[in-house]
Every structure is written in C-alpha cells, then in structure tokens.
1. Sort 149-155, 251-257, 129-135, 47-53 by packing, meaning the average of other beta carbons within 10 Å per residue, with the highest value first.
2. Highest mean first, how do 55-68, 172-185 rank when packing is the count of other Cβ atoms within 10 Å averaged over residues?
3. So if I place +1 on the C-beta of Lys and Arg and -1 on the C-beta of Asp and Glu, and nothing else carries charge, what would the dipole magnitude of segment 8-82 be about its Cα centre? I want it in debye, nearest 20.
4. With axes computed from alpha carbons, what is the tilt in degrees of helix 83-102 against the longest principal axis of the chain, rounded to the nearest 10 within 0 to 90?
5. Can you tally the net charge around PHE255? Count Lys and Arg as +1, Asp and Glu as -1, for every other residue whose Cβ sits under 12 Å from the Cβ of PHE255.
6. With springs only between Cα atoms under 10 Å, which of ALA114, ALA84, ALA69 fluctuates most in a Gaussian network model of the chain?
7. Going by alpha carbons, how many degrees (0 to 90, nearest 10) lie between the helix axis of 37-49 and the longest principal axis of the chain?
8. Give me Rg over Rh for segment 8-109, both radii from the alpha carbons and Rh done the Kirkwood way, two decimal places.
Amino acid sequence: MTDIDTLTLTNLRLERHEDGVWIVTLARPAKRNALDVATIEDLIVLFSGAADWGARAIVLAAEGDHFCAGLDLVEHHRQDRSAAEFMRICLRWHEAFNKMEYGGVPVIAALKGAVVGGGLELASAAHVRVADGSTYFALPEGQRGLFAGGGATIRVSGLIGKARMVDMILTGRVYQGQEAIGIGLAQYLVEGSSFDFALDLARKVAANLPLTNFAICSAISHMQNMSALDAAYAESAVAGIVNTQPDARARLEAFANRTAARVRPNE
Ligand code: 1HE
C-alpha cells in the first residue's frame with residue numbers, strides 16, 4: 001500500500017489532524033468541483049487507505065461556493081466516450097463511493113451551494129450530510145440528456161424514496177432549506193458554516209472507538225443489502241465482536257462506577 005506521507009493527489013487536498021480527523025477537500029473550484037477522472041481516482045486511493053492510515057473521521061469539504069457540480073460534462077463531451085468506456089467510468093465512481101460508504105471510517109460531508117447530479121451521488125455516499133443556507137440539491141441529468149451513473153438510483157432513492165428521486169431526475173426539481181432536510185437529503189441544516197459544524201461532528205465521532213465506528217460505517221450498509229433474516233444474523237455477529245472488544249471495558253466500567261456521562265434530553 002502507498003505510504004500516506006508520499007501520496008500525491010491531483011484534485012483533492014488532504015489535511016490530517018492529530019486526533020485522527022482528516023479534512024478531504026474537493027479542490028477544483030474554478031470548475032465547481034466537477035468530477036473528472038482524476039478526482040474519482042483520487043477518491044479511490046484516499047478512501048481505500050483511510051482506515052489503515054489511521055483516519056478516525058473524515059470531513060468531506062469543498063473549495064469555492066459549490067460543493068460539487070457532478071460529472072465533468074466538458075471532459076465527458078470532449079472525450080466522446082463509447083458506451084463501454086462510460087460504463088467503466090461509472091464503475092470507477094462506484095468503486096470510489098463504495099470505498100467511502102463501506103470503508104469503516106465516518107465521512108461527514110460539509111455541503112454548500114450546488115450539490116447536483118454526481119455531486120449529490122458523492123454526498124449520498126457520506127454517512128452524515130450537513131447543509132447550510134446556500135445548499136441546494138438537484139439531479140439535472142434529465143435535462144442534460146443523461147442518466148445517473150454514480151449510484152443515485154440506489155443511494156438517493158434510499159435517502160428520499162424512489163418517487164421523489166424519480167421526480168428530481170425527471171423534472172429537475174430543486175430542493176433546499178428545511179424542505180431538503182424534511183425529505184432526508186441531509187441530516188443537519190445549519191445557520192453558520194457547514195464546514196465548522198461538520199468538523200465539530202467529526203471530532204466528536206473520532207472519539208468513539210474505531211472498531212465501533214467501523215461497524216457503524218460498514219456493517220449497516222452491508223446489512224441493507226441482505227434479507228432481514230440474514231441482516232439480523234450478521235448484526236448479532238458484528239455485535240458479538242464489537243460489544244466484547246477489550247477497549248470498550250473501560251467505558252463500561254465508567255458507566256458501572258457512575259463516572260460516565262448519562263444520556264439527557266437537549267436543553
Ligand atoms: C463544469 C461543470 C460540470 C461547472 N462539468 N465543468 N451537472 C450539471 O448539470 C451541473 C452543471 N453546472 C451548473 O449548473 C453550474 O455550473 C453551477 C450551478 C454548478 C455553478 O454555476 P456558476 O454560475 O457558479 O458557474 P458556471 O459559470 O456555470 O461554471 C464555472 C466553470 O465551471 C465553467 O468553466 P469555464 O472554463 O467556462 O470557466 C463551467 O464550464 C465549469 N463547470 N459545472 C464541467 N459539471 C456518473 S453520471 C453523473 C451525471 C451527472 O452528474 S449529470 C449532472 C451534471
């Protein structure tokens with residue numbers, strides 16, 4: 001595996017903090033962070049190695065005013081790809097987004113501006129999405145003469161339901177603000193900076209035990225692909241491993257000693 005210290009990225013910026021929080025920033029603001037081949041390959045490398053490189057939580061952020069404008073339409077147009085070539089491109093997108101969703105490291109997307117097309121597919125692969133007042137979501141594929149190729153049929157449908165996803169891609173409907181939260185496109189809508197909020201969340205989840213986070217950010221997604229019967233079986237196997245991990249003993253001890261924080265309602 002590549003050494004993280006010698007890793008070179010083309011269109012992503014990586015900042016690693018001592019507490020294991022990583023900030024991965026889409027860094028093509030002049031192109032509204034459109035996803036070209038190089039960016040997808042960067043995402044694959046980074047998310048394939050993140051757990052082994054010690055990342056405990058990742059903020060997925062973006063330079064400029066927009067999170068991501070989706071597929072690089074200019075690259076796609078200029079390359080004049082065959083069907084087989086574009087199918088292989090889509091499979092690389094799936095590789096990248098699957099590494100994010102199933103990789104075991106919590107990914108928190110700090111959204112702003114356009115989160116559209118493939119940008120929404122990318123955001124949907126994160127475990128937590130934080131929107132701000134500027135954030136808007138759309139699937140403009142229908143209007144562009146295209147179809148979703150980066151997992152929207154699965155992940156966006158999973159978030160908001162098939163009927164809403166079909167409406168978005170068919171009519172170009174834009175969701176923003178509280179309405180977007182209400183249908184499930186993001187879990188948080190913040191008044192200030194989505195980045196600051198996402199970073200706070202990342203610091204919080206980075207304090208969880210890594211094996212616990214690994215289960216949450218990998219097993220749950222796998223279980224969604226199983227029958228309910230098999231998922232329940234897999235859940236008990238994962239809980240068998242996670243809930244008996246030696247590192248959890250001190251936390252259980254603190255609860256038993258009444259030194260651990262209790263769960264209280266919000267103020
Ligand atoms: C791009 C892209 C892009 C901007 N590919 N270059 N996605 C879309 O249909 C969304 C297309 N983009 C937009 O609607 C707008 O650009 C935005 C709303 C995101 C931003 O608007 P704005 O006014 O700030 O920027 P702009 O002037 O439109 O674009 C600035 C530059 O970014 C310009 O390049 P320039 O060299 O002429 O300065 C744009 O060409 C470039 N740019 N968006 C390439 N998407 C696996 S299948 C997935 C299918 C999809 O994702 S379809 C949805 C595609």
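A short reminder: the numbers here are calculations on the coordinates, not readings from a lab. No experiment lies behind these values; they were computed from the predicted model shown. Positions of Cβ are generated from backbone atoms using ideal geometry, with glycine treated the same way; all protein chains shown enter the neighbour counts.
1. Values: 149-155: 21.0, 251-257: 10.9, 129-135: 22.9, 47-53: 19.0.
The densest-packed peptide leads the list: 129-135, 149-155, 47-53, 251-257.
2. Working: 55-68: 24.5, 172-185: 16.0.
By packing density, highest mean first, the sequence is 55-68, 172-185.
3. On the way: 8 positive and 12 negative charges, 29 e Å.
Magnitude of the dipole: close to 140 debye.
4. 20
5. On the way: positive: ARG249, ARG251, ARG258, ARG262; negative: GLU253.
Counting the neighbours of PHE255, the net charge comes to +3.
6. Result: ALA84 has the largest fluctuation of those listed.
7. On a 0 to 90 degree scale, this one is about 10.
8. Details: Rg = 13.9 Å, Rh = 14.1 Å.
With Rg and the Kirkwood Rh in hand, the quotient comes to 0.99.
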